[in-house]
Amino acid sequence: MERWQRALSESITSLSELARYIQIDPKLLGPVVARYPLRITRYYLSLIRERDDPIGRQCIPDRCELEEDILSIDPLNEGGLTPVPGLIHRYPDRAVLLVSSVCPTLCRFCTRKNRAGGEGSFINQNSLEAALEYIKSRPAIREVILSGGDSLLLTDDELENILIRLRKIPHLEIVRLHTRAPVTLPERITFRLCRILKRYHPLYVNTQFNHPLEITHESTKSCAMLADAGIPLGNQTVLLRGVNDDPKVMKQLMQKLLTIRVRPYYIHQMDLVKGTGHFRTPVQKGLTIMAGLRGHTSGMATPSYVIDLPGGKGKVAVLPDDVRRQGKTLFLRNYLGEIIEYPDSEGGL
Ligand SMILES: *Cc1c(COP(=O)(O)O)cnc(C)c1O
């Protein structure tokens with residue numbers, strides 16, 4: 001067993017165990033965990049100072065998860081966009097392969113929290129063959145995203161097997177891995193893993209830091225190892241009430257990410273997922289955060305703020321309302337709030 005596998009096996013998965021470290025009422029939270037399983041790595045647990053701090057809120061079960069709300073178990077209609085079990089194909093040129101059904105730490109706000117572990121949701125050997133056939137027979141697919149669960153909870157060999165198969169498909173240009181391992185199980189990023197990954201370039205890794213407290217010595221090192229293997233690193237932050245719904249916190253997070261060679265890619269508005277309503281913020285909050293980034297800090301530290309539309313209609317980037325038009329003149333608001341006139345092209349359509 002590798003060191004990361006041992007670390008994973010030592011994760012906290014029961015409330016009685018969690019109660020040894022954090023003040024919780026196992027009886028009160030029992031029904032929550034019966035519905036949505038608990039898993040926290042020792043490392044991620046070590047970052048928690050208080051139950052309700054930005055780390056604790058992301059991983060400690062909460063009664064609010066059982067609130068009867070109108071939210072959906074599959075708001076993005078991923079089920080309807082699944083031609084082969086474990087493959088989501090929504091956009092013309094890229095598809096998502098759900099290669100793993102587990103994560104090192106189960107986020108309470110997960111967009112797939114109602115699917116995790118669900119039958120047929122994730123790929124097995126048979127569906128992997130079918131998914132590879134599907135990709136092979138569709139030349140329009142130029143990018144495959146390995147997700148899950150966490151794509152890096154495959155063993156090195158399982159992962160390499162998939163990468164080998166993908167690289168045999170001539171029209172496939174880009175492989176992207178989605179993983180929270182650098183944040184929740186940094187031990188997973190080993191030199192052996194990096195040596196394997198760099199054989200399959202161009203390969204990108206998108207991770208998910210949600211708070212500056214997650215940028216530690218350990219997570220910094222794991223990102224450095226991936227970056228040193230020539231892997232461009234991106235970050236997808238989820239905008240979470242009580243965790244990072246604050247322009248100062250978000251700006252600090254984005255700036256710190258650049259210092260560890262991770263380029264902010266998206267800030268996600270929470271999806272309308274059953275059991276996660278207590279994490280939702282008004283869209284105005286996201287717009288205010290974006291207004292606090294653009295111009296005030298590096299453009300490299302400024303991601304897109306995206307809303308994934310219900311029904312699988314796709315992601316839309318939203319911006320603060322800063323354009324007005326009068327005839328051929330645009331009035332644009334800059335980062336200082338000044339309205340500046342801009343003459344539009346006469347030649348355009
Ligand atoms: C988010 C998503 C992607 C990737 O979208 P990008 O904007 O390229 O990051 C692809 N497929 C599905 C189904 C998605 O939800």
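The values are calculated or read from the model by the stated rules, or taken from the named source; none is laboratory data. As the structure is a computational prediction, the values presented were derived from the model and not from experiment. Don't worry about glycine lacking a Cβ; one is built from the backbone with ideal geometry, like all the others, and counts go over all protein chains shown. Side chains included, ligands, DNA and RNA excluded: accessible areas come from the protein's heavy atoms. Shrake-Rupley method; radii C 1.70, N 1.55, O 1.52, S 1.80 Å.
Structure notes:
- Identity of the residue in segment 52-72, touching a Gly at 6+ places or on another chain (Cβ under 9 Å) and acidic (Asp, Glu), that ends up modelled with the lowest pLDDT: Asp69
- Scanning segment 20-31 for residues that are more than 21 Å from Arg180 (Cβ to Cβ) and either open to solvent by 40 Å² or more (accessible area, probe 1.4 Å) or assigned to a helix (DSSP H, G or I) (or both) yields Arg20, Gln23, Asp25, Pro26, Lys27, Leu28, Leu29, Gly30, Pro31.
- Residue in segment 209-223 that is over 29 Å from Gly292 (Cβ atoms) and aromatic (Phe, Trp, Tyr) present: no
- Residues satisfying the stated conditions in segment 309-324, i.e. in contact with a strand residue (DSSP E or B) (Cβ under 7 Å, 6 or more places away or on another chain), within 16 Å of the ligand (Cβ to nearest atom) and open to solvent by 20 Å² or more (accessible area, probe 1.4 Å): Leu309, Lys315, Val316, Ala317, Val318
- Looking across Ile267, Ile260, one residue alone is in contact with a Gly (Cβ under 9 Å, 6 or more places away or on another chain) and within 16 Å of Ser298 (Cβ to Cβ). It is Ile267.
- Residue list for segment 236-263, restricted to those being surrounded by 23 or more Cβ atoms within 10 Å (Cβ to Cβ) and more than 25 Å from Glu50 (Cβ to Cβ): Val262
- Residue match in segment 85-100 (condition: away from the ligand (no atom under 16 Å from the Cβ), touching a residue at least 24 places away in the same chain (Cβ under 8 Å) and over 17 Å from Val273 (Cβ atoms)): yes
Residue-wise test of (1) of a type in the set (D, E, K, R); (2) at pLDDT 95 or above.
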{"residue": "Thr281", "(1), (2)": "no, yes"}
{"residue": "Ile289", "(1), (2)": "no, yes"}
{"residue": "Ile307", "(1), (2)": "no, yes"}
{"residue": "Gly312", "(1), (2)": "no, no"}
{"residue": "Asp322", "(1), (2)": "yes, no"}
{"residue": "Leu332", "(1), (2)": "no, no"}
{"residue": "Tyr335", "(1), (2)": "no, no"}
{"residue": "Ile339", "(1), (2)": "no, no"}
{"residue": "Tyr342", "(1), (2)": "no, no"}
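- Number of positions in segment 128-146 that are in contact (Cβ under 8 Å) with a residue 12 or more places away in the chain, small (Gly, Ala, Ser) and open to solvent by 10 Å² or more (accessible area, probe 1.4 Å): 2
- Residues in segment 60-70 include at least one that is open to solvent by 20 Å² or more (accessible area, probe 1.4 Å), assigned to a loop (DSSP other than H, G, I, E, B), of a type in the set (A, V, I, L, M) and away from the ligand (no atom under 16 Å from the Cβ).
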